[in-house]
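In what follows, a single structure is set out as structure tokens and then discussed.
The values are calculated or read from the model by the stated rules, or taken from the named source; none is laboratory data. This one's a predicted model, so the numbers in the text were calculated from it and none came from an experiment. FYI the Cβ positions are ideal-geometry reconstructions off the backbone, even for glycines, and counts take in every protein chain you see.
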Amino acid sequence: MENKPIIQERQAIESAPISKPARKIFWSGDKLIGISALLVSIASVSVIFYQTHLMQKQQYASALPYLELWNNGGSDAEYRLSLINNGIGPAFIKEVRVIYKGKMYEGDQTEFLYKVIFPQDTSFLQDYSYSNLYNGRMIPAGKEFSLLHIQNSEIQASKYRKLFGNQDSAKLEIIYSSVYDEKWKLTGVGGISEKIKE
């Protein structure tokens, strides 16, 4: 009869409900706080990158040059080919050439006149003054340069106006850059400066 308590004990163990092990909770408070901190830090870094991008764009825009080429003259006896920087930053000249009758001539308007026009027609040599454009020359913001200036001669003013002043005439092509080395190209009188994509 000594076996009876063992059998009863065994029956009690076999009939007792089996308890399931306690399930671990995956989303504990510590994990939620950690994930929240990670998301906040990622958002902060994203905002910093975006702000840096905006600041860089603003910095580039604050030094933007904008060159324009115009014909001027107060009377029929005066002609002025003017280069104006209407931007808010300096323009640095990189390249200058003249396009005339389908050909391209390296150099500024004065070199073009001496190499191409004067040998054909020496009457252009009278009554004019000029300023040269060359690689490295800086045009400050808000400044105007007279590239060619003819005064007190209706005949000469008319010749230069025809040479540089209409669509079929000689076109000055200027490549220039900002202090951040962004580049633009200006072609001809009244042309629009176009950004050069690199």
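Can you spot a residue in the range 146-162 that is under 28 Å from Ala63 (Cα atoms) and surrounded by fewer than 18 Cβ atoms within 10 Å (Cβ to Cβ)?
Residues of the range 146-162 under 28 Å from Ala63 (Cα atoms): 146-148.
Subsequent filtering for residues that are surrounded by fewer than 18 Cβ atoms within 10 Å (Cβ to Cβ) retains 146.
Yes, the range 146-162 contains a residue that is under 28 Å from Ala63 (Cα atoms) and surrounded by fewer than 18 Cβ atoms within 10 Å (Cβ to Cβ).
Regarding Tyr66, is this residue of a type in the set (Ser, Thr, Tyr) and without any contact (Cβ under 8 Å) to a residue 12 or more places away in the chain?
Values: of a type in the set (Ser, Thr, Tyr): yes; without any contact (Cβ under 8 Å) to a residue 12 or more places away in the chain: no.
When the stated conditions are applied, Tyr66 does not pass them.
Find the residue count for the range 142-191, including only residues that are at pLDDT below 85 and assigned to a strand (DSSP E or B).
0
Would you be able to tell me the number of residues in the range 52-83 that are under 19 Å from the mean Cα position of the chain (by Cα) and not charged (D, E, K, R)?
Number satisfying all stated conditions: 15.
Please verify whether Ala12 is modelled with pLDDT under 85, of a type in the set (A, V, I, L, M, F, W, C) and in a helix (DSSP H, G or I), treating the condition exactly as stated. Write out each step before concluding.
Values: modelled with pLDDT under 85: yes; of a type in the set (A, V, I, L, M, F, W, C): yes; in a helix (DSSP H, G or I): yes.
Yes: the conditions hold for Ala12.
Could you list, in sequence order, the residues of the range 68-78 that are at pLDDT 90 or above and either over 15 Å from Ala170 (Cα atoms) or touching a helix residue (DSSP H, G or I) at 6+ places or on another chain (Cβ under 7 Å) (or both)? Spell out how you get there, then give the answer.
Initially, the range 68-78 is screened for residues at pLDDT 90 or above, giving 68-70.
Scanning the range 68-78 gives a single hit, Glu68.
Within the range 104-114, can you find the residues that are exposed (fewer than 13 other Cβ atoms within 10 Å of the Cβ) and either among the aliphatic types (A, V, I, L, M) or under 15 Å from Arg137 (Cβ atoms) (or both)?
Met104
Out of Ile117, Ile88, which single residue is closer than 24 Å to Ile192 by Cβ, at pLDDT 75 or above, surrounded by 10 or more Cβ atoms within 10 Å (Cβ to Cβ) and in contact with a Leu (Cβ under 9 Å, 6 or more places away or on another chain)?
Details: Ile117 fails: closer than 24 Å to Ile192 by Cβ.
Result: Ile88 is the single residue among Ile117, Ile88 that is closer than 24 Å to Ile192 by Cβ, at pLDDT 75 or above, surrounded by 10 or more Cβ atoms within 10 Å (Cβ to Cβ) and in contact with a Leu (Cβ under 9 Å, 6 or more places away or on another chain).
Please enumerate the residues belonging to the range 59-102 that are in contact with an Asp or Glu (Cβ under 8 Å, 6 or more places away or on another chain), assigned to a loop (DSSP other than H, G, I, E, B) and among the charged types (D, E, K, R).
Within the range 59-102, Asp76 is the sole residue that qualifies.
Let me spell it out: the conditions are (1) on the phi > 0 side of the Ramachandran plot; (2) out of contact with any helix residue (DSSP H, G or I) (no Cβ under 6 Å at 6 or more places or on another chain); (3) in contact (Cβ under 8 Å) with a residue 12 or more places away in the chain, and Gly107 meets all of them except one. Which number is the exception?
Only one criterion is unmet by Gly107, namely (3).
Need pairs with beta-carbon distance below 8 Å; first residue in contact (Cβ under 8 Å) with a residue 24 or more places away in the chain and small (Gly, Ala, Ser) and within the range 175-186, second assigned to a strand (DSSP E or B) and surrounded by 16 or more Cβ atoms within 10 Å (Cβ to Cβ); sequence gap 6+ or separate chains.
Sorted first by the residue in the range 175-186, then by its partner, the pairs are Ser177/Ala91; Ser177/Phe92; Ser177/Lys94; Ser177/Lys183; Ser177/Trp184; Ser178/Ala91; Ser178/Phe92.
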